[in-house]
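The values are calculated or read from the model by the stated rules, or taken from the named source; none is laboratory data. Because the structure is predicted, anything quoted here is derived from the model rather than measured. Note: ideal-geometry Cβ built from the backbone for every residue, glycine included; neighbour counts use all protein chains shown. Only protein heavy atoms, including side chains, enter the accessible area calculation; ligands, DNA and RNA are left aside. Shrake-Rupley method; radii C 1.70, N 1.55, O 1.52, S 1.80 Å.
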Amino acid sequence: MKGLFLTHCGQVRNHNEDAGGIFKNKSYQPIAIIADGMGGHQAGDVASMLAVENIKNRWEETERVENPDEIEQWFQKIIRETNEQIFQKSQENKQLEGMGTTLVAAVIIGNSLIIAHIGDSRLYIARGDQIEQLTEDHSFVNELVKRGEITEGDAEVHPYKNYIIRALGTDADVDTDVKTLTWETGDRLLLCSDGLSDKLSQTELAQLITAEKEMDEIGQQLIDLANHRGGEDNISLILIAHDGSDSEAGEPA
């Protein structure tokens, strides 16, 4: 397994409210996390950092896990705990009131991919020359699309396209989408904040992610293209490639 995390402030904002990274537990099993914070007075970066740090720390304390069901249960437990921490801090500090963050995270064990998701940060999988979005945006416009009130094309230009209806830390309780899928040699994953997914079509993502190039070059091309198209938001991404090696057999690749 090969992995890369990149983040950029973008062309407009003067601070970065995204956070993320790839981390290992005691058996070198990887977790990938992207969080896109929101809230005034720079509270968004507090929320996203709290989310990433808590999940990271709890994962690094974890021993080897063999069963995807255990990971699903772990995600539900730790995300509830993380939500409570962010919500409590927002209640204690007026400047942090209303802060929250999206979250997309993935654990890889063997040929299983376990995903947890809240908000509109996304996870895509590229297999062959095809790409599929594995997460469903928890957003106002996506609800309109699901109800048949607008088309997916309408959603791309809707004035409320970035209004999310579910986030980590904004309420005392939160629902998390968790699921397990297969992970095969040759697959590539992209986790990203909407600073990237808002700027590139799924077809463009497929072309770039599946290109025969080094991963750091692909990642930088994605960042550069999002910035070239305006870069109004922070841009964060994680790329992971299943190259057939065992990521658990020692230090991470």
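The set of residues in the range 172-186 being surrounded by fewer than 17 Cβ atoms within 10 Å (Cβ to Cβ), closer than 16 Å to Q130 by Cα and in contact with a His (Cβ under 9 Å, 6 or more places away or on another chain) consists of E184, T185, G186.
Suppose we keep only residues that are in contact (Cβ under 8 Å) with a residue 40 or more places away in the chain and in a helix (DSSP H, G or I) within the range 204-219. Which one would you say is most open to solvent (accessible area, probe 1.4 Å)? For the range 204-219, the residue satisfying everything is D216. Taking the range 41-85 as the range and being open to solvent by less than 10 Å² (accessible area, probe 1.4 Å) and either of a type outside the set (A, V, I, L, M) or free of Cβ contacts under 8 Å to residues at least 40 places away in the same chain (or both) as the test, the residues that pass are G44, S48, V52, W59, F75, I78, T82, N83. Please tell me if A155 is part of a strand (DSSP E or B), over 15 Å from the mean Cα position of the chain (by Cα) and of a type in the set (G, A, S). Taking the combined requirement at face value, the residue does not satisfy it. Candidates L189, L239: the one that is touching a helix residue (DSSP H, G or I) at 6+ places or on another chain (Cβ under 6 Å), closer than 15 Å to S121 by Cβ, buried (at least 21 other Cβ atoms within 10 Å of the Cβ) and among the hydrophobic types (A, V, I, L, M, F, W, C) is L239.
In summary, no strands (runs of 3 or more DSSP E) completely within the range 96-143 bear 1 or more residues that are on the phi > 0 side of the Ramachandran plot. Answer yes or no as to whether A51 is outside any helix (DSSP H, G or I) and either at pLDDT 95 or above or in contact with a Lys or Arg (Cβ under 7 Å, 6 or more places away or on another chain) (or both). No.
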